[in-house]
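The values are calculated or read from the model by the stated rules, or taken from the named source; none is laboratory data. What you see is a predicted model, and the numbers here were worked out from it, not measured in a lab. Positions of Cβ are backbone-derived with ideal geometry, glycine not excepted, and every protein chain shown enters the neighbour counts. For accessibility, only protein heavy atoms count, side chains too; no ligands or nucleic acids. Shrake-Rupley method; radii C 1.70, N 1.55, O 1.52, S 1.80 Å.
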Amino acid sequence: MSTPESLVKAKVKAALKTLPAVFQHWPVMNGMGAPILDCIACVNGRYIAIECKAKGKHPTPRQHMLIQQILEAGGRAFVVDDEQSLNEVMDWIKKSCL
């Protein structure tokens, strides 16, 4: 059975697959290693991280910390919880990376 968050992840994966020159990695969290957001992508040399959430849910304090670290390092980080936020990510990628 799919959770609301897993449905968002599936939509993000499918959307990224439509773009050229995209590498996407979806780490499997098992309690070992360093924490990271749901998706790490590289688009034409640009580092992008995406946290997927069920509609109306928000990143945890740890996820906010990771987002801030990514931004401070010059990467981009996004939170996707619906079609609108996914479209915003895809529009940014198309304008800034392709």
*Relative contact order, percent, the chain [alpha-carbon distance under 8 Å, six or more residues apart]*: 27
*Can you give the accessible area of His25, probe radius 1.4 Å, in Å² rounded to 10?*
90
*asked:* For the pair Lys94/Ile36, report the inter-label distance in nm, with labels modelled 7 Å from Cα in the Cβ direction.
replied: 2.8
*What does the accessible area of Thr3 come to, in Å² to the nearest 10, when a probe of 1.4 Å is used?*
70
*For the chain, what % of the accessible area comes from carbon and sulfur atoms, probe 1.4 Å?*
57
_Signed unit charges on C-beta, dipole axis of the chain, positive-most listed residue Ile93, Ala41, Ala21_ = Ala21
*Amide H neighbours of Tyr47 under 5 Å, counting only residues 5+ apart in sequence or on other chains, H built in-plane at 1.01 Å?*
Arg76
*Counting only heavy atoms of the protein chains, get the accessible area per residue of the chain (1.4 Å probe) and round it to a whole Å² value.*
62
*For the chain, how big is Rg over Rh, using alpha carbon atoms and the Kirkwood form of Rh?*
0.94
*Using a ≥ b ≥ c from the Cα gyration tensor of region 36-81 (square roots of the eigenvalues), is it rounded, prolate or oblate, where a/c under 1.5 gives rounded and otherwise the larger of a/b and b/c decides, a/b for prolate?*
oblate
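Can you sort Glu72, Glu5, Glu51, Glu88 by solvent-accessible area, 1.4 Å probe, largest first?
Most to least solvent-accessible, the answer reads Glu72, Glu88, Glu5, Glu51.
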*the chain: antiparallel DSSP beta bridges as a percent of all, rounded to 5*: 65
